[in-house]
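Asks: Please read through the structure below; I'll follow up with questions.
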Amino acid sequence: MKVFLTTIALCVSLVSIATGDMNTNTVTGIWVSNNYESLIIMDTIAYFETNADRHMFHYILRGDSLVLFSPYSIQGDSLVPFQSDTMSDNYFQPEDTGGFCFIIEHRDSDSMVLRPYRSSTREQFKHSSEDDYLFDSTNTITLYSILKDTLLSFDRLLFYTHSSNRFEHGLILRIGSKGEIVYPPGKLIERDLRIIIDSTKTMYLYGNNFAMQLWGLYKYGNKNALKQGYYQGCLSDSLYRRLIDLLKTSSLDRMRFKKDPYDSTGPKYTLDIYYNGKYKRTEGTDAPLIGYRLVTYLSSVATEVPLVKSKTAKKMFEQFYKTRDK
């Protein structure tokens with residue numbers, strides 16, 4: 001799943017998010033469900049995300065059918081690269097390759113309802129058992145077209161990222177020639193980074209020892225340049241505009257972090273945000289396809305903001321928690 005991240009970032013940056021009506025003769029665009037499914041279609045490529053995994057396919061829209069297929073055909077017992085641009089070879093049908101097949105039961109500029117019609121018994125497509133519902137013709141999936149939220153009113157957010165690992169043989173982290181961080185075998189390594197950003201462009205940050213060592217090494221070439229604790233700074237106009245643009249195009253109402261049922265370390269990401277007079281909280285172990293660029297931004301923006309030690313920051317976190325937990 002991780003191998004798609006670079007491609008996904010490029011894909012999302014290339015897809016134009018509509019601000020008007022969508023041509024119902026095409027499915028090009030970004031579609032998101034109220035659960036974990038999302039579908040990004042650009043040119044001839046489709047990125048399809050479920051709760052269990054992410055997939056990259058070619059696609060065909062034929063009448064009321066949407067076929068997502070890998071660019072391979074079946075010849076004998078083998079999958080071979082499909083070369084034809086016209087897809088007219090007699091031996092080839094997209095349904096015979098790895099992928100998903102749907103009947104489009106409804107489609108307009110706002111939504112699309114898909115019903116699977118492919119059997120999951122085909123061995124050509126290895127899928128997670130959690131994706132079985134995508135082969136069950138008694139189910140339907142409703143996807144909603146994502147339009148840029150041009151009227152977004154942002155108040156404040158709290159983003160929390162946490163990870164913990166224990167390396168049997170230890171860990172050495174190097175960033176170019178800037179230095180290194182060495183952890184002995186068996187030591188538990190935890191990264192805890194929390195940031196608040198509000199509509200005044202103010203940022204408040206808390207980082208534990210490992211998080212601040214990483215930041216100090218990355219930014220200053222010295223793992224001891226920054227200490228664990230609370231900091232405060234201000235986003236530049238360009239960084240703030242970037243944040244607002246990402247919030248407008250991340251489908252905040254429907255965005256949900258994915259939860260890996262096999263990960264026992266707890267949520268890796270948590271987002272609490274106040275916007276458009278609403279409050280939203282989502283947490284999970286993986287960033288969703290539609291929110292990947294937002295999570296990437298929030299995970300790294302602290303390295304681009306001059307920060308100073310701040311007692312006010314601690315009070316702002318306490319106040320945010322108190323308001324949130326009412």
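Asks: Taking the highest mean first, how do the peptides 311-317, 32-38 order by number of other beta carbon atoms within 10 angstrom per residue?
Replies: 32-38, 311-317
Asks: Kindly flag which residue pairs out of 258/315; 278/315; 259/280; 248/314 have an alpha-carbon separation exceeding 19 Å in this structure.
Replies: Correct reply: 258/315; 278/315; 248/314.
Asks: Can you tell me the length gained on complete extension of the stretch residue 190 to residue 280, counting 0.36 nm per residue apart and subtracting the Cα distance?
Replies: Computed gain between residue 190 and residue 280 is 29.8 nm.
Just so you know, all these numbers are worked out from the coordinates, no wet-lab data involved. Just so we're clear, the structure is a prediction, and the values are computed from it rather than from any experiment. So basically every Cβ, Gly included, is an ideal-geometry build from the backbone, and we count neighbours across all protein chains shown.
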